[in-house]
Amino acid sequence: MSPSMIAPVMEEENKKYQKGVKHLCENGLTKVPTKYIWPEPDRPILTKSDKLIKPNKNLKLPLIDFAELLGPNRPHVLRTIAEACKTYGFFQVVNHGMEGDVSKNMIDVCKRFFELPYEERSKYMSSDMSAPVRYGTSFNQIKDNVFCWRDFLKLYAHPLPDYLPHWPSSPSDFRSSAATYAKETKEMFEMMVKAILESLEIDGSDEAAKELEEGSQVVVVNCYPPCPEPELTLGMPPHSDYGFLTLLLQDDVEGLQILYRDEWVTVDPIPGSFVVNVGDHLEIFSNGRYKSVLHRVMVNSTKPRISVASLHSFPLTSVVKPSPKLVDKHNPSQYMDTDFTTFLQYITSREPKWKNFLESRKIHHV
């Protein structure tokens, strides 16, 4: 085929991928297209027959009982949170008080959104990162050289009255279920912030707590359809989260992996729990005491997986820097001040990988 004939074919192929992996699967797929095949060193390891690799391990994250956090056992729970944030960058929260129906309804309505015809879902497709609602695919469908096996629906959620009218109106109960979920996760986040600050020996009424209360909230629904060759691709590549804290609700299908002691380990999903992880902003704010940790998502060949991440941080106009209470002559500032504009400029100019953005903000003391 001549070069002049190849270009239109390639363009047509790319258009097909831009419609999302769910659309591809709906049209029948028995093999993973080349666009989704990761280089060998980056691929997940699903076989135990290869002697050069270790079998996958499952990890039980530290458990935080929210009821105990609010009771007389609080000092012990705070110590557990501090240790989890230093060692794993992740923990799981149970007995969080969010009514069972709220989380179940959210997973259910999100499943039904992704079951809508492509024409309905595609109304929200946009490459504008500041759009109040954005349906997309992969990690960054404009910049990614290799696509990941994921479609997403991203909803700006605070202040809720500003964004709610833009959210999908189909399924008919989507807005009401998602709004209740967003409100209740925000309340949980605010209580978690007070605990995190206290674990850092910072007063819960600190200026940072007030800023975070008025900060950004983005709800990201992730859909990972069954994949015919899961050993060749990833649902999401290794990354850390940009914000302060992420609260993740999962269905009962495992897929989340974190990098722990230089090995990828699978997090056991606990029904009804939330996985909470440290974001880049908390690593900066804690002056490196708490670590945002690399995580990725595996896919499988039999079951679809849905997860809902509620990402919380400072207002988009804020400057993020180490807390003055955690900086002194013995512990100088480890990170440059940063803001959302700097982050957007960074990720729109290159493919986001690993913890590269956070690394770019580090101060290297001589």
* Asked: Does region 104-117 contain at least one residue that is free of Cβ contacts under 8 Å to residues at least 60 places away in the same chain, out of contact with any Ser or Thr (no Cβ under 6 Å at 6 or more places or on another chain), under 28 Å from residue 281 (Cβ atoms) and open to solvent by 80 Å² or more (accessible area, probe 1.4 Å)?
  -> no
Exception for residue 79 within (1) farther than 18 Å from residue 270 by Cβ; (2) surrounded by 13 or more Cβ atoms within 10 Å (Cβ to Cβ); (3) modelled with pLDDT of 95 or more falls at (2)
Just one listed residue, out of 338, 302, 348, is modelled with pLDDT under 90 and surrounded by fewer than 20 Cβ atoms within 10 Å (Cβ to Cβ), and it is 348
Only one of 252, 268 is acidic (Asp, Glu), within 30 Å of residue 104 (Cβ to Cβ) and in contact with a strand residue (DSSP E or B) (Cβ under 7 Å, 6 or more places away or on another chain), namely 268
Yes or no: region 186-206 includes at least one residue that is open to solvent by 30 Å² or more (accessible area, probe 1.4 Å) and within 21 Å of residue 115 (Cα to Cα).
no
Expected single match for touching a helix residue (DSSP H, G or I) at 6+ places or on another chain (Cβ under 9 Å), in a helix (DSSP H, G or I), over 25 Å from residue 251 (Cα atoms) and at pLDDT 95 or above among 282, 358 is 282
Within region 137-172, the residues that are of a type in the set (Gly, Ala, Ser) and on the phi < 0 side of the Ramachandran plot are 157, 169, 170, 172
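The rows are residues; the columns are (1) farther than 21 Å from residue 229 by Cα; (2) at pLDDT below 95; (3) part of a loop (DSSP other than H, G, I, E, B).
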site: 254; (1), (2), (3): no, yes, yes
site: 259; (1), (2), (3): yes, yes, no
site: 271; (1), (2), (3): yes, yes, yes
site: 289; (1), (2), (3): yes, no, yes
site: 316; (1), (2), (3): yes, yes, yes
Here the residues within region 123-156 that are within 17 Å of residue 22 (Cα to Cα) and surrounded by fewer than 19 Cβ atoms within 10 Å (Cβ to Cβ) are 123, 125, 126, 140, 146
Taking region 89-116 and keeping residues modelled with pLDDT of 95 or more, in a loop (DSSP other than H, G, I, E, B) and not small (Gly, Ala, Ser) leaves 115, 116
Pairs returned, first residue in region 178-195 that is within 16 Å of residue 91 (Cβ to Cβ), second residue that is β-branched (Val, Ile, Thr) and buried (at least 21 other Cβ atoms within 10 Å of the Cβ), beta-carbon separation under 7 angstrom, 6 or more apart or interchain, are 192/276; 195/81
Matching residues in region 207-230 (over 30 Å from residue 108 (Cβ atoms) and open to solvent by 20 Å² or more (accessible area, probe 1.4 Å)) number 4
With criteria (1) basic (Lys, Arg); (2) in a helix (DSSP H, G or I); (3) open to solvent by 90 Å² or more (accessible area, probe 1.4 Å); (4) modelled with pLDDT under 85, residue 51 comes up short on (2)
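The values are calculated or read from the model by the stated rules, or taken from the named source; none is laboratory data. Just so it is clear, the model here is predicted, and its values are computed rather than measured. Using ideal geometry, Cβ is built from the backbone for each residue, glycine included, and neighbour counts are taken over all protein chains shown. The accessibility values were calculated without ligands, DNA or RNA, using every heavy atom of the protein model including side chains. Shrake-Rupley method; radii C 1.70, N 1.55, O 1.52, S 1.80 Å.
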